[in-house]
1. So, R0 is 56 Å and r is the distance between the beta-carbons of B:N184 and B:L362; what FRET efficiency does that work out to, to 0.05?
2. Calculate the translational D of region B:158-265 in whole µm² s⁻¹ from Stokes-Einstein, where the hydrodynamic radius comes from the Kirkwood formula applied to all Cα pairs, the temperature is 37 °C and the viscosity 0.692 mPa s.
3. On alpha-carbon atoms, Rg over Rh for region B:200-244 using Kirkwood Rh?
4. So if R0 is 22 Å, what FRET efficiency would A:K84 and A:C135 give, r being the distance between their Cβ atoms, rounded to the nearest 0.05?
5. What number, in nm² with one decimal, is the all-direction average of the projected area of the convex hull of the alpha-carbon atoms of region B:98-237?
6. Within region B:89-198, report the GluC sites (Glu not before Pro) that DSSP leaves as loop and that have at most 14 other Cβ atoms within 10 Å.
7. Write down, largest first, the equivalent ellipsoid semi-axes of region B:203-290 in whole Å, where each equals the square root of 5 times an eigenvalue of the alpha-carbon gyration tensor.
8. Using a Förster distance of 22 angstrom, determine the FRET efficiency expected from the C-beta separation of B:I160 and A:L272, and round it to 0.05.
Amino acid sequence: MESTHPIVEVTPRAEQQLYRGSKQLYSESIEENLQSLFQRLPDPNLVTEEFIIGSRSKTKVVIAYLQDVANTGIVDEIKDRLNKIKAEVILDTSYVERNIQDSILSPFPQVEIVSKVNITLTALTQGRVAIFVDCCPEIIIAPTTFFDLLDTPEDAYRRWFVASSFFRIARFISFIIATLLPSFYIALTSFNPELIPSMLTLTITAAREGTPFPIYLEAFILMGVAEIVRMVMIRMPNTTGLAISIFAGITLVLTGLVTNIISGPIIIIVGLTIIASFTIPGFDLRSSIRILQFFTMLMATLFGLFGLAVSFFYILVHLSTLKTFGIPYMAPLGPIELSGWGHTIFRKTSVDMPQDETYKPQKK
Amino acid sequence: MTMTIKENVKDKIDPRAIPLILLLTIIEFELFTVARKVFLIAGRDSWLAALLGGIFVTLGTYFLLRLMNRFPKQNFLQYIPQIWGKPIALIIALGYFLFWGSFLTLLFKNTAEVNQVFFLEKTPLLIPIFLIAIGAVWLVTYGFVPIIRFIQIISPVFLIPILLAILLTLSEIEIRNFFPILANGITPVLKGAVIYAGYFQGLEVILFLSPFLADTNKAFKPTLIGIGLLNMLAFVSITLVIGILGIKNTNEMLWPAFAMMSIIEIPGFPAERFELLLTVPLLIGVFVTISVTLYLLSYGIIQVFKISHKKTVIYVMALITILAIMLVPDFAWYIKFRGIHTYAAIIFIYFLPISTLTLAVLRKKGEYL
């Protein structure tokens, strides 16, 4: 493909705030997107293969990978799954995604949806495959592990690796808070208050005096309200949506507190949970976490700390059995591959972009 | 040439994962809440029994590894017919199935009891058991490698609270609780050491690892490190319990380790009740042990009787072992049965595999002739 001047426009689509790194986004033309890719990575090993998918729409789908780095088994599997797509129309990358992923029932995304060229380059050098769909401003990166989804470009661009590692770990902790905090609160306060420090128990009891609902109902109502406010924020036009959601949120919380319908501690818990969930970079993963929150809350409501532990086991059982194009979803933590920790769990200090062995061809 | 994903992305276990596998598979209620019977027999010299028992366990592990290395591509149930002959091998296999089945029933029973003591007082016993069993069955249907992945993922949540608990309790030890040493002679210590070795139920998993390992020759060191860590952990917890509670109090308590945690006080620290630190790893240890034992039992039956409906066997085995709880009338009976099971464990973990190794060497079976 010929390399010409960049013709890809940089459109501000505020999905993530970026402090460093290229802001170049993909356009809706597959030719332009591939052109910008070849411009940034003029490597003879960069290979593209074209597919026509959709019996009616005849949509052009192109896969790109570095043939000296990518695992041939994974590439062949992706090609095979693309060839098997029977859809009539391909309107978006999501149509391809749901047809090629390993588990459609899983709440966890098994491919990464990317709109920036620089992220694609990193993925290709890791040995992953980029899938371009015509008329879509996002591309698919496959395979994708859990840790890829919690990765942000700044982790690689930040000057000091210690800060990057710190913020990564903080993100994992936020993930755990977002999934388990409300259920932990319900379990402790409703079933095992003896495990809470006595001063804190007294504070919670005092704050809850006169409130009509049991703790679990308070938690469910407030989490539900938070979801409604969040949906308003997304659906309404930018400034209006923001103003309405902030106004609605503050009014509801204040009125609830003043009229003693809800207690203070649950507002702290729900607030912390919602904030923590926004630290998760991917939209799809974030949405799944919200559903998992309700699942863990339900288990904690029914069976207390034991139910919480069991729901945690269920989530982990699912994560340990899930694979993405043959790669274990929790690699490099399960199975432990220490060589991959430098750019997944931590960020190691190195002049080059840290690499791992997760997606590379394996030694026979 | 087109390669399938299975040919290209191999699902093998790195031998370096073995220490974690052993830690989480072997630790469950008894060893975790500190082996009660060892205390009853060896008294305040239980720490000596643990040291001596640790040597027995390490020796036993060495022989298990030798046996595994002779048959690197097969598991124990696959190669015993070559060594013992088909009829005896079948009897041995049935013995193991009974051993694992009864162990599972004991584990389920204990899950229910612990749950009643610590979490859900009024909930019917079968509910927590089924909740745990659903997770275990789900994991086991995917085979052995996902179980190992589960162990690796959950290991930080398991290890960090245990290490914290040890660090918090270390300063509370009173040395006088250990004296006089060997007041009742060496015999109780020796008996305690044998019982201690019997508590390592799950050690036989080594004999089933080899087909999944990326390199069986590299399994020696990590396995011995794993057993060393496990012995150290058991020794530290036994020492802590005696050092903090004293042998008299320990023998009167059903859950000495939890009693030990309740006495911790840290001035200025917001948390007061540290039992929670131990309940998390306890549940994890139990869940993993149940999953691994259910795997050994179901896949053993599938393999020996060449059954094609794998999932059905797993469901049926889980159900039978759960329903067998009805045969356990009360907790006192449970403790008695658990004691007998510990003696049986010595036969199934050490005696039978070592006899198999001896016979394999004599009959020149296996790769290392």
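1. 0.85
2. Here the translational diffusion coefficient equals 201 µm²/s.
3. Reported Rg/Rh (Cα atoms, Kirkwood Rh): 1.15.
4. Once rounded, the FRET efficiency stands at 0.50.
5. That works out to 12.4 nm².
6. For GluC sites (Glu not before Pro) across region B:89-198 that sit outside H, G, I, E and B with at most 14 neighbouring Cβ atoms in 10 Å, the list reads B:E121, B:E172, B:E174.
7. Values for region B:203-290, descending: 34, 16, 13 Å.
8. 0.55
The values are calculated or read from the model by the stated rules, or taken from the named source; none is laboratory data. All values derive from a computational prediction rather than experimental measurement. Glycine also receives a Cβ, built like all others from the backbone with ideal geometry; neighbour counts cover every protein chain displayed. Ligands, DNA and RNA are excluded from the accessible area calculation, which covers all protein heavy atoms including side chains. Shrake-Rupley method; radii C 1.70, N 1.55, O 1.52, S 1.80 Å.
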